[in-house]
Amino acid sequence: MKKKVVAVLLTAAMLVGTIAGCGKSSNGGSTATDAGAGSAETTAEAGEWTWPLSEKKELSIWIVWSNDYVENPNELKAIQKMEELTNVHVNWQVVDAASAQEQFGLMLASGEYPDIIRDCGTYYPGGTEKGVQDGVLVDLTDVAEKYMPTYTALRKSNPQLEKDTVTDEGKIVGTRTIASYFGDIRGERVWAGMALRGDWLQELGLEVPRTIDQWETVLTAFKENYPECEAPLMIGTNGYDYFSHFLSAYGCLGEFYMDGNTVKYGPLEDGYKEWLTLFHDWYTKGLIDPNFMTNAADMMSPADYVGTGKAGAGCQLWGLTSDVFKTQGYTTEEDYNLVATSSPVLKEGDTPEIGFNTSALVKEEVGISTSCKDLELACRYLDFWYSNEAMLLNTLGIEGESYTVDESGTYHLTPAMQQMIDDGKVNTLAEAVYTYTLGTADFGLYNWGMFDPIYEGQDALKAYDEFDKDKFDLMLPACMTMTDAENSEFVTLYTDIQTLAQENTVKFITGEKSLDEYDAFREQLKTYNIDRCIELKQAALDRYNAR
């Protein structure tokens with residue numbers, strides 16, 4: 001049960017997040033309704049198109065998806081309703097995340113492609129644009145406006161969306177999942193961040209830390225007052241987590257980042273050395289995990305540390321609340337409590353920064369293969385997923401069955417969802433909803449507001465408010481791309497550079513290597529051609545900004 005709950009929360013949060021998202025959040029955008037996305041009937045330049053179709057049609061879709069309760073998406077009530085509304089039956093080709101890359105490679109080798117491929121940008125070698133160049137995927141530039149009016153209206157409703165849904169050459173090589181809050185186009189709330197033992201803070205009379213100095217005071221108190229706390233702070237195997245908490249306080253990230261419109265590389269900067277100096281000092285004092293090199297805490301600190309008192313603080317997903325750890329049996333302490341906080345800063349008033357963009361406007365990319373016999377049908381079907389009707393179906397299920405809407409427009413899950421837990425059919429409300437919907441493995445218009453009713457009244461939503469203080473100004477746009485030649489050169493050069501940087505970072509923290517040798521390390525990076533890697537990244541950023 002513990003593994004199932006953690007897996008569901010982790011999968012949900014990772015997919016919600018912009019591990020695959022692109023660009024920077026742009027809140028206050030248009031709504032799906034404003035863009036014409038609320039209707040199941042569409043008329044476009046190519047002629048009238050009305051849902052449902054007068055005769056049954058079929059499409060095949062490749063998707064990375066797993067569900068402990070349902071083997072095939074066609075068993076989901078929301079997908080059944082989609083078929084009823086469109087009269088299109090989907091033959092789903094489902095693979096699990098663990099074997100997805102291998103299965104994708106086998107599919108390419110076979111030369112037999114499904115009509116539609118979800119998340120092709122992640123699994124196609126070289127990305128979706130390369131798939132088009134190779135003749136595997138369809139260039140949608142000339143057909144999107146004709147056959148996908150809802151998607152076209154949405155992407156044109158927001159300048160950031162326009163930039164993130166085309167290539168440097170202005171081509172549309174796939175459709176992007178668009179993030180919204182019940183149809184209002186906006187980036188997701190940040191879904192992970194720093195959390196620490198709130199009950200310990202209360203017992204010690206300490207405030208939630210914001211600055212580096214406050215963090216040192218708290219971590220020292222944890223170490224001195226709780227003997228079971230062998231890792232006051234979990235930090236990640238490279239010395240920093242995916243979000244670059246603590247490191248970002250010094251104005252840089254662990255690898256490439258941008259200072260305005262200029263690309264820089266963290267280990268070359270003075271801020272990186274200042275952060276290493278701090279963490280070496282904390283390591284010497286026993287304030288950070290002594291086994292951080294092998295204790296994975298990059299995305300989420302291990303539950304058997306944070307949940308048992310072996311750790312006092314670390315990176316956590318917003319869904320892993322105190323109640324979850326109690327339910328899972330990690331702790332029997334009645335007062336056990338986790339509190340969230342924004343990313344650390346050097347001094348009060350500084351802007352908290354993180355280096356992993358969870359708040360992008362666009363997410364996974366969906367491509368149409370050249371094997372598709374009915375391109376217009378595939379485009380129209382994908383376009384339907386950008387309607388408000390499809391959005392609600394695929395994130396909350398069936399109104400009146402899995403969710404309701406009150407007079408104020410607030411969404412709630414029905415008692416039937418809780419009853420599924422009480423009857424032992426599922427473990428969480430999220431799992432209950434996922435017996436109706438694809439959940440976060442969606443197409444079209446994505447509704448991250450689905451988690452409001454799922455976690456209604458729980459601490460998870462309070463964590464959202466804290467994590468949302470973190471900004472992404474140092475982040476390079478995830479949708480910027482290199483040319484094939486640039487990417488080939490970059491990979492050849494950077495593989496060794498990355499290894500060099502990671503190995504030396506760990507040695508500087510542990511003291512295996514003196515910080516007196518830091519300048520020599522920087523010079524070594526230059527002999528490995530880090531400057532050329534920066535040039536390649538800069539060229540990609542310049543082209544992205546010019547879109």
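Only protein heavy atoms count here; under a 1.4 Å probe, K56 has an accessible surface of about 100 Å².
Building the convex hull from the alpha-carbon atoms of the chain and averaging its projection over directions returns 25.2 nm².
Among the trypsin sites (Lys or Arg not before Pro) within segment 357-428, those in coil by DSSP and having at most 13 neighbouring Cβ atoms inside 10 Å are K373, K425. Amide H contacts of V362: C22, A179, each under 5 Å away and 5 or more positions distant or on a separate chain (H built 1.01 Å from N in the peptide plane; Pro and chain starts excluded). Close amide H pairs (under 5 Å, H built 1.01 Å from N) link S60 with N91, D115, I116, residues at least 5 positions away or on another chain. Rolling a 1.4 angstrom probe over the protein heavy atoms with all chains in place gives segment 121-198 an accessible area of 31 Å² per residue. Put simply, when 322-328, 96-102, 231-237 are sorted by average Cβ atoms within 10 angstrom per residue, most first, you get 231-237, 322-328, 96-102. Shape index of segment 340-391: Rg/Rh, with Rg the Cα radius of gyration and Rh the Kirkwood radius from the inverse mean 1/r over Cα pairs, equals 1.31.
Pull out a ≥ b ≥ c, the square roots of the eigenvalues of the alpha-carbon gyration tensor of segment 207-324, then state rounded if a/c is under 1.5, prolate if not and a/b is larger than b/c, and oblate in the remaining case. Prolate, since a/c reaches 1.5 and a/b exceeds b/c. Listed cross-link partners K130/K156; K347/K513; K471/K526; K77/K425; K156/K363; K57/K156 are compared with a 22 Å cut-off, the Cα-Cα value being larger for K130/K156; K347/K513; K471/K526; K57/K156.
Give, rounded to the nearest 20 debye, the magnitude of the charge dipole that segment 230-343 has about its Cα centre when Lys and Arg contribute +1 at Cβ and Asp and Glu contribute -1 at Cβ.
Approximately 100 debye in magnitude.
Each DSSP beta bridge with both residues in the chain is either parallel or antiparallel, and the antiparallel ones are about 60%.
With a Förster radius of 25 Å applied to the beta-carbon distance between D542 and Q101, the computed FRET efficiency rounds to 0.20. Compute log10 of I(q)/I(0) for segment 359-493 with the Debye formula, placing one identical point scatterer on every Cα and leaving out solvent, at q = 0.11, 0.16, 0.18, 0.22 Å⁻¹, to two decimals. Values, matching the q order: -0.61, -1.00, -1.11, -1.32.
Note on Q502 and N225: the extension gain reaches 96.4 nm, defined as 0.36 nm multiplied by sequence separation minus the Cα-Cα distance.
Between T351 and T50, full extension at 0.36 nm per residue minus the direct alpha carbon distance yields a gain of 103.4 nm. The HN-Hα couplings worked out from phi for segment 150-164 by the Karplus form 6.51 cos²θ - 1.76 cosθ + 1.60 (θ = phi - 60°) are 5, 4, 4, 5, 5, 5, 7, 7, 9, x, 5, 4, 4, 5, 7 Hz, whole numbers, x standing for Gly and Pro. Comparing S488, N291, M417 along the charge dipole axis of the chain, the residue lying farthest to the positive side is S488, per the Cβ-charge model. Taking a ≥ b ≥ c as the square roots of the eigenvalues of the Cα gyration tensor, an a/c ratio of 1.5 or more together with a/b no larger than b/c marks segment 464-509 as oblate. Were the residues from T527 through D323 laid out at 0.36 nm apart, the gain over their Cα-Cα distance would be 68.3 nm. With r as the distance between the Cβ atoms of T277 and A520 and R0 = 25 Å, compute the FRET efficiency 1/(1 + (r/R0)^6) and round to 0.05. Efficiency for this residue pair is about 0.95. Need one word for segment 148-242: rounded, prolate or oblate. Basis is the Cα gyration tensor (sqrt eigenvalues a ≥ b ≥ c); a/c below 1.5 gives rounded, then a/b vs b/c decides. Cα axes put segment 148-242 in the prolate bin. Taking Cβ atoms as reference points and 11 Å as the exclusive limit, the residues near D542 contribute a net charge of +1, counting Lys and Arg as +1 and Asp and Glu as -1. Taking a sphere under 14 Å around the Cβ of Q419 and counting the other residues whose Cβ falls inside, with K and R at +1 and D and E at -1, yields a net charge of -3. For D184, the residues whose amide H sits under 5 Å from its own are A32, ignoring neighbours fewer than 5 places away on the same chain, with H placed 1.01 Å from N.
For segment 299-308, 3J(HN,Hα) computed residue by residue from phi via the Karplus equation (6.51, -1.76, 1.60; θ = phi - 60°) reads 9, 8, 5, x, 5, 6, 9, 5, x, 10 Hz, glycine and proline entered as x. For segment 397-455, chymotrypsin sites (Phe, Trp or Tyr not before Pro) are listed when DSSP marks them as loop and at most 11 other Cβ atoms sit within 10 Å of their Cβ; the list is empty.
Taken one residue at a time, the phi angles of segment 175-190 give Karplus couplings (6.51, -1.76, 1.60, θ = phi - 60°) of 9, 9, 5, 10, 7, 8, 10, 6, x, 7, 5, 7, x, 5, 5, 5 Hz. Gly and Pro are set to x. Taking only protein heavy atoms and a 1.4 Å probe, the accessible area of the chain is 46% carbon and sulfur. List the lysines whose Cα sits under 25 Å from the Cα of K310, skipping any in the same chain fewer than 8 residues away. Partners within reach: K2, K3, K4, K223, K285, K326, K462, K507. With both labels modelled 7 Å from their Cα along Cα-to-Cβ, the T294 to D142 distance reads 6.0 nm.
The values are calculated or read from the model by the stated rules, or taken from the named source; none is laboratory data. None of the values given here were measured: they were computed from a predicted structure. Note that we place each Cβ from the backbone using ideal geometry, even for glycine, and neighbour counts take in every protein chain shown. Ligands, DNA and RNA are stripped out before the accessible areas are found, and what is left, the full protein with its side chains, is counted by its heavy atoms. Shrake-Rupley method; radii C 1.70, N 1.55, O 1.52, S 1.80 Å.
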